[in-house]
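No lab work stands behind these numbers, since they all come straight from the coordinates. What you are looking at is a predicted structure, and each value in this text was computed from that prediction instead of being measured. Heads up, the Cβs are rebuilt from the backbone with ideal geometry, glycines too, and the neighbour counts pull from every protein chain shown.
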Amino acid sequence: MRTLTTSQAMNEALREEMRRDPSVYVVGLGLYPSTGDSATNGLVEEFGESRIRSAPMSETVIAGSAVGAALAGLRPVAELHLADFAFNALDEILSKAGKWRYMHGANGAMKLPIVFLQGIGGYVAAGAEHSQSPLALYWHSPGLKIAVPTTPYDAKGLLKTAVRDDNPVVFFTHKLGDSGPVPEDEYLIPFGVAEIRRAGADATVVATSYMVTLTLQAAQNLEGQGVDVEVIDPRTLEPLDIETIVDSVHKTGRLVVVDEDTERCGVAAEIGAQVMERAFPALRAPVGRVANPNLPIPYSPPLEEAVLPSVAKIEAAIRATLT
Amino acid sequence: MKPTPAEQLELYTLMVRSRVFEETAGALVVSGEIPGSWLSGIGQEGTLGAIHQLRPDDYLTYTHRGAYGFIGRGSDPKLLLAELLGKRTGYSRGKGGRHIADLEHGILGKSGTIGGHAPLAVGVATAIQIRGGDQVVMSIFGEGTSNRGTTHSSMNAAAVWGLPVVWVCENNGYMGNVPAPMYTAVMDIADMAVGYDMPGEVVDGNDVLAVHEAAEEAIARARAGQGPSLLELKTYRMRPFGETSTDLRDPAEATAWRAKDPIRRFRSALIESGVLTDGATVAISEAATAEMETARSYARDSSFPAPSDAFEDLYA
């Protein structure tokens, strides 16, 4: 099977969906002229400047106009580039996209089919305002769906599902990117179905995006030491496939959640709480969390490494559940 | 083009219906039957001169103030009052209160944040442009909202993309009890149009025919694909900020503006030109009163939502 980068896989997803449905369009900064490996590379040549809409420098306009166009019946894809920048459009994403259908009592069968593309993640020496992964912020707020693909395969299949969903989807991809096999034939990946990245019997680790890559390395290291780790990638946080996680915990009795976001009120806290509500008797050790210890992400690589999750930190957290 | 006598009568009737609706809603706030608030647009009904000209397939985004957007577009006062009373039969099934969408009439919802609707108007106009229609979006905002970055970003985007947006600023001179010079650098909001390369025009907002004339031009421009315009309607809120708010504005100023009440002015002009008779005036008012009493009864008689309804409507 051919190998694609995450951006190439997303590019294919957008191209296929835009060919299939004339109501799909993309709005964002600097969508053309294309400069290489991006999700929107080359799309303007096929779909024109009206549907590949280069926006003024305003996340407010990018996200807010997507909401307005969705209310009027289109299916916008809002390219916000970095999650850090999308903070400029929180009213539009959290309150308008997330809450308008509910607040207006679904008047006129109101729907908001929008995809908000956001890049996340550190490990690139970019500093506190270019390195964030605010998954929990969006998960905390009602009305959104949240996709966090790890592989190019998942990125393509989930993005096609996101575009066809009648609800707003915040779609996070890690700025480190990835490459991997992607089939030529069309496929979609449903939301709310976790992928077991590695089967194991001793401990369950839940991770998303680049944290899956780090966790798989940690699991491989531990395998040599006789520890058999199961790695679960939920792929979407909303909806969350909690059943697969709970089933795994019933098997292993141990849970660690790895999250690149800040720890406090974070993804790990939420998944940990849900597992404790559903499977407390199965737990043989406290739930472990590996996340940013509530600090802005610093620039210098040794400092960044001190703050963000690492293979060593994940190994240590898994070991702590086994002692 | 001046509206025909029949159109003028229709416009006058809308203004009266809007005002009686607002008086009805205001009384229900004071009586406590509306559990939330109502922000009255009484005195600002001249804006109907612009709203009235929209086609049924056009769109409107509105501010936190006034009922004329709904009345002008043909919304049902029964469902409006039911919503304000928190009833299940309301436009938002009791979940929105003043946050009302009437998609059937091109009213796409109410932003809880002041100015939050401006980028949405850009998006609706984007949809029109991508589809290739000649509809327009009228986006109404207040002079206080002109302070918001959302407003400026949206005006810039609408101009850059050549979108069919008619920006209508109702300048009533106050943000709550704070006078405009304390928060806005220019006293004519229309001047801001220069920064976004679009026409900007100051209009006497209490002269409904002047509003009509200015809006006609702006709408025609938008329909013809010539891009956005900004109209500034100089007006005055004849009620406090909210129905139970304390009004700290100068009473003499309020009295002077009351003499310029847009409904009273239009009525005098219509009677003078023979379009309206004293008898017809009374009949229009009585019909509006009867309509809003019926709407109030409907709202009162409607059921509250069941607690389980709180768990519906989040996802499509």
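Table for the structure above
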{"read-out": "Residue-averaged beta-carbon neighbours from other chains (10 angstrom radius) around B:146-157", "value": "4"}
{"read-out": "Projected label distance in nm at residue A:250 and residue A:264, using a 7 Å step from Cα toward the beta-carbon", "value": "3.7"}
{"read-out": "Whole-Hz couplings from phi, Karplus 6.51/-1.76/1.60, listed for the stretch B:115-124; x for Gly and Pro", "value": "x, x, 7, 4, x, 5, 4, 4, x, 4"}
{"read-out": "Relative packing of peptides A:71-78, A:180-187 - highest average C-beta neighbours within 10 Å first", "value": "A:71-78, A:180-187"}
{"read-out": "Inverse mean reciprocal Cα-Cα distance (Kirkwood Rh) of the stretch A:3-181, Å", "value": "16.1"}
{"read-out": "Dipole axis of chain B (+1 Lys, Arg; -1 Asp, Glu on Cβ), positive-most option in B:240, B:18, B:51", "value": "B:240"}
{"read-out": "Net dipole in debye of the stretch B:11-57 [+1 Lys, Arg Cβ; -1 Asp, Glu Cβ; about Cα centre; nearest 20]", "value": "120"}
{"read-out": "Potential lengthening between residue B:314 and residue B:293 on full extension [0.36 nm per residue; Cα-Cα distance subtracted]", "value": "4.3 nm"}
{"read-out": "Amide H contacts under 5 Å for residue A:24, placed H, 5+ residues apart", "value": "A:75"}
{"read-out": "Cβ neighbours within 10 Å from other chains - mean over A:106-117", "value": "4"}
{"read-out": "Amide proton proximity set for residue A:192, modelled H, under 5 Å, gap of 5+", "value": "A:236"}
{"read-out": "Share of alpha-carbon pairs per 10 Å distance bin for the stretch B:67-225, given as whole %", "value": "10, 35, 37, 16, 1"}
{"read-out": "Surrounding net charge for residue A:91, when Lys and Arg each add one and Asp and Glu each subtract one, Cβ distance under 12 Å", "value": "+1"}
{"read-out": "In range of the label at residue A:179: residues from the stretch A:1-29 whose backbone nitrogen is under 13 Å from the point 7 Å along Cα→Cβ", "value": "A:2-9"}
{"read-out": "Likely footprinting exposure, B:312, A:238, B:170, A:270, fewest C-beta neighbours within 10 Å first", "value": "B:312, A:270, A:238, B:170"}
{"read-out": "FRET efficiency, residue A:223 to residue A:285 (Cβ-Cβ, R0 22 Å, nearest 0.05)", "value": "0.70"}
{"read-out": "Over 26 Å (Cα to Cα) - which of A:96/B:87; A:175/A:313; A:111/B:95; A:156/A:313; B:110/B:234; A:99/A:160 fall in this group", "value": "A:156/A:313"}
{"read-out": "Top positive-direction residue, dipole computed over chain B with Cβ charges, set B:255, B:298, B:224", "value": "B:298"}
{"read-out": "Total formal charge among the other residues, if their Cβ is under 12 angstrom from that of residue A:266, Lys/Arg +1 and Asp/Glu -1", "value": "-3"}
{"read-out": "Top of A:86, A:282, A:194 by mean-square fluctuation, Gaussian network on chain A, Cα under 10 Å", "value": "A:282"}
{"read-out": "Inter-chain Cβ neighbour average for residues B:105-113, partner chain, 10 Å", "value": "5"}
{"read-out": "Kirkwood Rh in Å, taken over all unlike Cα pairs in the protein assembly as shown", "value": "26.6"}
{"read-out": "Options A:272, A:320, A:219, ranked by Cα towards positive dipole end of the stretch A:195-322, top entry (Cβ charges)", "value": "A:320"}
{"read-out": "Cα gyration tensor shape of the stretch A:94-160, rounded if a/c is under 1.5, else prolate or oblate by comparing a/b with b/c", "value": "oblate"}
{"read-out": "Per-residue Cβ neighbour rank within 10 angstrom, fewest leading, A:80, B:9", "value": "B:9, A:80"}
{"read-out": "Chain B: C-alpha pair distances exceeding 37 Å, %", "value": "13"}
{"read-out": "Between 0 and 90°, nearest 10: helix A:152-164 axis offset from chain A longest Cα axis", "value": "50"}
{"read-out": "C-alpha long axis of helix A:210-223 to longest principal axis of chain A, angle in °", "value": "20"}
{"read-out": "Cβ-placed point charges (K, R +1; D, E -1), dipole of the stretch B:113-210 about Cα centre in debye, nearest 20", "value": "440"}
{"read-out": "Cβ charges +1 (Lys, Arg) and -1 (Asp, Glu), total dipole of the stretch B:5-299, debye", "value": "920"}
{"read-out": "Mean Cα-pair separation over length for the stretch A:195-322, i.e. relative contact order, pairs under 8 Å, 6 or more apart, %", "value": "28"}
{"read-out": "Net charge of Cβ neighbours under 14 Å - reference residue A:222; Lys, Arg +1; Asp, Glu -1", "value": "-1"}
{"read-out": "Helix axis angle, A:6-20 relative to chain A longest principal axis, alpha carbon, degrees", "value": "40"}
{"read-out": "Spin-label zone in the stretch B:264-301 - amide nitrogen under 20 Å from a point set 7 Å from the Cα of residue B:6 along the C-beta vector", "value": "B:270-271, B:273-277, B:280-281, B:284"}
{"read-out": "Computed E for residue A:128/residue B:277 - FRET, C-beta separation, R0 60 angstrom, nearest 0.05", "value": "0.25"}
{"read-out": "Under Karplus coefficients 6.51, -1.76 and 1.60, residue-wise ³J(HN,Hα) of the stretch A:25-41 in Hz, glycine/proline x", "value": "8, 10, 10, x, 7, x, 6, 7, x, 6, 10, x, 7, 9, 5, 10, 3"}
{"read-out": "Relative frequency of Cα-Cα separations exceeding 24 Å in the stretch A:195-322, percent", "value": "20"}
{"read-out": "Relative contact order of chain A, pairs being alpha-carbon contacts under 8 Å that are 6 or more residues apart, as %", "value": "16"}
{"read-out": "A:52, A:62 arranged by Cβ crowding within 10 Å, fewest neighbours leading", "value": "A:52, A:62"}
